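Student: Here it is: the structure, laid out below.
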């Protein structure tokens, strides 16, 4: 068969090709041992980044709640008979957590600071747990709300009913402790709070709105009852309401026409019916 001179393969061409293939294979073998550690390092960096984001988000939630609690205390001190310490306080954590972690978290919640178990009441096959703190008398409740896929949604309540005068320091310490325990189990959560008691102001709704430098979002008025939903730039929390706006402060004022007593409830970001 005729092969043109310029198309003919040079002598030793096949050996040259095999040599290049051997060199390429050697280079690939030299590269592969380095590739696996790099991939593992990249995966660890991604995991650490995700964990850092989650941790940062939880810290922001806790800082926000502590700030708003202090702010609500200051306003309440101006509004309630006997000051903020005489009001009934309720803090609520909405927690999303895997079932196994929920059991471990509940076990840590219902313990004294020295690690010994609290005297608690367990009902509904462990889905409802309650106890009272011996020092200040605050009540703690742990309630399973619903199942969401592979996770459960729980409600954690801290209630100080005014049986003993409350202090801001004691309330902050209790809130910090519970938030820290929830965070230790990497459980996403949201915090809301309310204060309730009798007010010394006939115009408590206007007074709160003035103290909070708040903008009105919604309002309701009926015989003996006033409700306002507000937004205050002095609070860090917020929730979406009608017309794409944000609210973070709500009040309900009820006047007893027979006794002239006025019951005031203030919630951040809203007053929840499940409190």
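Student: Just need log10 I(q)/I(0) for region 66-206 at q = 0.09, 0.15, 0.20, 0.21 Å⁻¹, Debye formula, equal scatterers on the alpha-carbon atoms, no solvent, rounded to two decimals.
Tutor: Each listed q corresponds, in turn, to -0.30, -0.76, -1.19, -1.27.
Student: Convex hull over the alpha-carbon atoms of region 140-193: what's its volume per residue in Å³?
Tutor: It comes to 86 Å³ per residue, whole-number rounded.
Student: In addition: Relative contact order for region 127-275 using alpha-carbon pairs under 8 Å, separation at least 6, rounded to a whole percent?
Tutor: Normalised by residue count, the contact order of region 127-275 is 17 percent.
Student: How far is the Cα center of region 54-124 from the Cα center of region 169-206, in Å?
Tutor: Cα centroid to Cα centroid, the span is 6 Å.
Student: Next up: Arrange 92, 147 by Cβ neighbour counts within 10 Å, fewest through most, would you?
Tutor: 147, 92
Values in this text are rule-based calculations from the coordinates and carry no lab data. Only a predicted model underlies this, so the values are computations on that prediction, with no experimental measurement involved. Every residue, glycine among them, receives a Cβ derived from its backbone with ideal geometry; neighbour counts consider all protein chains shown.
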